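Scroll down for the structure; my scribbles are underneath it.
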């Protein structure tokens, strides 16, 4: 399968935990999250842009921190207008962004961006709740044996 998210082919990244079941790769995680991402998991300010066809809209920070739980590494943020950041992962030098599709053909700069920390992001209760929901839905997905 050909993936459209940034970094899908930038090297091998493997899970550091089995908390969510099988040995994960970013591509397997993308496949598992695709049916889980929904309007509820979308950032409230971006919900008008969310659709099944644009399923990664507004999902970046909660997805990047969930990927960090699974793969380790660090989360970085591309500065956006309005003071927000688009979050992505770097693990052992491999850069991947499971939610980059929301930007279409726009090229994002994945170099020299500030590290992002969950404590700051999850200080917003609505974001922490969306992250916890995504995490629990992934666990249910895996428990059900769905791939």
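Details
- Filter pass, residue 6 being surrounded by 13 or more Cβ atoms within 10 Å (Cβ to Cβ) and touching a residue at least 60 places away in the same chain (Cβ under 8 Å): yes
A quick yes/no check of all residues on (1) assigned to a loop (DSSP other than H, G, I, E, B); (2) more than 15 Å from the chain's Cα centre (by Cα); (3) in contact (Cβ under 8 Å) with a residue 24 or more places away in the chain; (4) more than 24 Å from residue 132 (Cα to Cα):
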| site | (1), (2), (3), (4) |
| --- | --- |
| 13 | yes, no, yes, no |
| 65 | no, no, yes, no |
| 90 | no, no, no, no |
| 96 | no, no, yes, no |
| 108 | yes, yes, yes, yes |
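- Scope the stretch 21-35; condition in a loop (DSSP other than H, G, I, E, B) and crowded, with 19+ Cβ neighbours inside 10 Å; matching residues: 24
- Residue in the stretch 36-52 that is in contact with a helix residue (DSSP H, G or I) (Cβ under 7 Å, 6 or more places away or on another chain), part of a helix (DSSP H, G or I) and closer than 21 Å to residue 3 by Cα present: no
- Restricting the stretch 96-118 to residues that are closer than 27 Å to residue 51 by Cβ and touching a strand residue (DSSP E or B) at 6+ places or on another chain (Cβ under 7 Å), the residue that is surrounded by the fewest Cβ atoms within 10 Å (Cβ to Cβ): 109
- Test result for residue 82, on the phi > 0 side of the Ramachandran plot and either assigned to a helix (DSSP H, G or I) or loosely packed, with under 13 Cβ neighbours inside 10 Å (or both): yes
- Contact map, the stretch 46-60: first residue under 18 Å from residue 85 (Cα atoms), second residue in a helix (DSSP H, G or I), Cβ cut-off under 6 Å, separation 6 or more or different chains; pairs are 56/101; 56/102; 57/46; 57/49; 57/102; 58/46.
Bear in mind that the values in this text are calculations on the coordinates, not laboratory data. Just so you know, these numbers come straight off a predicted model, no measurement behind them. Don't worry about glycine lacking a Cβ; one is built from the backbone with ideal geometry, like all the others, and counts go over all protein chains shown.
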